[in-house]
Amino acid sequence: MPHDQQNADFDNAQTQGNTATLPASTKPRHLPMYRVLLHNDDRNDFEHVIATLLELTPLTREEAIERCDEAHHTGCALVIVIHRERAELYEEQLRSKSLTVTIEPDE
């Protein structure tokens, strides 16, 4: 098969079917990262905060205790850094359990 015919067949194969092929110069976009911050409050006791962090985040018990203690002593603790969509979900879920949390861009 002539070289030009092979290229034409290859190009046709790339554009047919359900698979789209991106040009080689296209670089993957990185999702912006966000910090999920736990704030100290006078409504929740340590056990509730720790149990909630264990239920809704990938933190270990030791990490949850550290975050809870840090928020208690400094007013705020970093829970996790993750892409924006997931950070918003963590914020919503943690707030539904009465925790005081915010998210902010990770710069």
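The values are calculated or read from the model by the stated rules, or taken from the named source; none is laboratory data. Predicted model only: the values in this text are computed from it and were never measured. Using ideal geometry, Cβ is built from the backbone for each residue, glycine included, and neighbour counts are taken over all protein chains shown.
Candidates in region 72-107 are the residues that are in contact (Cβ under 8 Å) with a residue 60 or more places away in the chain and among the charged types (D, E, K, R); of these, the one that is farthest from M33 (Cα to Cα) is E104.
Would you say R67 is at pLDDT 95 or above and touching a helix residue (DSSP H, G or I) at 6+ places or on another chain (Cβ under 7 Å)? Let's see the steps before the verdict.
Working: at pLDDT 95 or above: yes; touching a helix residue (DSSP H, G or I) at 6+ places or on another chain (Cβ under 7 Å): yes.
Answer is yes for this residue.
When region 49-71 is filtered for residues that are free of Cβ contacts under 8 Å to residues at least 12 places away in the same chain and in contact with a Leu (Cβ under 7 Å, 6 or more places away or on another chain), only R61 remains. Out of R29, R35, R67, R43, one residue alone is part of a loop (DSSP other than H, G, I, E, B) and under 17 Å from D106 (Cβ atoms). It is R29.
For every residue, the table says whether it meets (1) surrounded by fewer than 16 Cβ atoms within 10 Å (Cβ to Cβ); (2) of a type in the set (D, E, K, R).
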{"position": "R43", "(1), (2)": "yes, yes"}
{"position": "F46", "(1), (2)": "yes, no"}
{"position": "L78", "(1), (2)": "yes, no"}
{"position": "S98", "(1), (2)": "yes, no"}
{"position": "V101", "(1), (2)": "no, no"}
